[in-house]
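Read through the structure below, which is laid out as structure tokens, and then see the notes.
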Amino acid sequence: MVPRGATLLLCSDGLVERRGESLDTGIARAREYLGANAAMAPDSLTVALTDAQAPPNGYEDDVAVLIYRHPPEPLRIEMPAVPTELAGMRHALRAWLDVAGVVGAVADAVVLATGEAATNAVEHAHDPTPAASITVTAAIDAGRVEILVRDHGHWRPPDADPGDRGRGLDIMRFVMDEVEIVRGAEGTTARLVLELER
Amino acid sequence: MSATIETRPNGGGVLVVRGEIDLANAAELDAALAARPAAEDVTVDLSAAEYLDSAGIKVLFEHARRRRLRVVLADDTIIAAAIRASRLDGVAVVEVHARGS
């Protein structure tokens, strides 16, 4: 069973074989590099690993590298419902997406939509004290990213708050595939979904 | 989190934004725009900014009502996605440059 967030390397022996050295040494060197870079997105890691493992005079044999990153544990962030906490949440989400190999425009969409949902929660938390908190969770399953942003307040519906939070919702709907806002007695949950295979 | 908003030397009316603008600091963007002379056309250069969501975009919409606003941004960025989604191009000139140019 592959542990969550684990990195699996498949490579030709050109990557790890060096004259005058046992194969085990080369493999250990590659494994150490992967361990030190467990948070790097897989695409970047294939390039970085190949560069880092190159002998001084270059590789002697063809090098083929395939990296598989097993999806990480779901992300769970509890943040105080205050504006100054939003940036830290976004950065943590971005780092988790990197581990999961979600980068570029797809990652941007997730960070932007989650930022909007969390901003709504901060602005309209029923209890405006810093003690109030918002929970952000992120998970990857079956080729889709699902984000949940939960607060303990109630969002004003867009028609009661024109131009303001309505804009945030427009942005969320523009960049994500599914946006669902469920207002309950105890609070509001925003569910955001983006398909990764496009 | 930090954002800096600079006015280009000799360049009346160009605000260069670096860093991230969100609900916590959108008021800084508002203040920088409000500080410009009333009749001046202003360019907000977001091509080096790293994040902007509806909190900052709301500020741009508000100032677009009071003066001619031009917004410059880099394509294929999170900024471009947010601006595109908000239809700011309906009230301001939005200029998109190729990323890295």
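The values are calculated or read from the model by the stated rules, or taken from the named source; none is laboratory data. On a predicted model such as this, the values are computed, not experimentally measured, just so you know. Backbone-built Cβ (ideal geometry, glycine too); neighbour counts: all protein chains shown. Heads up: the accessible areas ignore ligands, DNA and RNA and are worked out on the full protein's heavy atoms, side chains in. Shrake-Rupley method; radii C 1.70, N 1.55, O 1.52, S 1.80 Å.
List of remarks:
- Filtered by the rule that a residue be open to solvent by less than 30 Å² (accessible area, probe 1.4 Å) and not in a strand (DSSP E or B), the stretch B:49-60 gives B:Asp53, B:Ser54, B:Ala55, B:Gly56, B:Ile57, B:Val59, B:Leu60.
- Boolean, A:Arg19 is open to solvent by 60 Å² or more (accessible area, probe 1.4 Å) and either of a type in the set (Phe, Trp, Tyr) or assigned to a loop (DSSP other than H, G, I, E, B) (or both): yes
- Out of A:Leu45, A:Leu34, A:Leu8, A:Leu66, sole residue that is out of contact with any helix residue (DSSP H, G or I) (no Cβ under 8 Å at 6 or more places or on another chain), closer than 29 Å to A:Glu146 by Cα, touching a residue at least 24 places away in the same chain (Cβ under 8 Å) and among the aliphatic types (A, V, I, L, M): A:Leu8
- Exactly one residue out of A:Leu86, A:Leu9, A:Leu66 is more than 30 Å from A:Ala121 (Cβ to Cβ) and open to solvent by less than 50 Å² (accessible area, probe 1.4 Å), and it is A:Leu9.
- In the condition set (1) in contact with a strand residue (DSSP E or B) (Cβ under 9 Å, 6 or more places away or on another chain); (2) more than 10 Å from every other protein chain (Cβ to nearest Cβ); (3) farther than 14 Å from B:Ala82 by Cα; (4) at pLDDT 95 or above, B:Asp30 is compliant with all but (1).
- Test: residue in the stretch A:69-78 that is more than 26 Å from A:Gly187 (Cβ to Cβ), under 12 Å from the mean Cα position of the chain (by Cα) and of a type outside the set (Lys, Arg): yes
- Scanning the stretch A:22-40 for residues that are of a type outside the set (A, V, I, L, M), open to solvent by less than 60 Å² (accessible area, probe 1.4 Å) and within 24 Å of A:Asp98 (Cα to Cα) yields A:Tyr33, A:Gly35, A:Asn37.
- Looking across A:Ala87, A:Ala81, A:Ala109, A:Ala105, one residue alone is under 20 Å from B:Asp76 (Cβ atoms), within 12 Å of another protein chain (Cβ to nearest Cβ) and touching a strand residue (DSSP E or B) at 6+ places or on another chain (Cβ under 8 Å). It is A:Ala109.
- Residues that are assigned to a strand (DSSP E or B) and within 25 Å of A:Ala117 (Cβ to Cβ), drawn from the stretch B:9-43: B:Val17, B:Gly19, B:Glu20, B:Ile21
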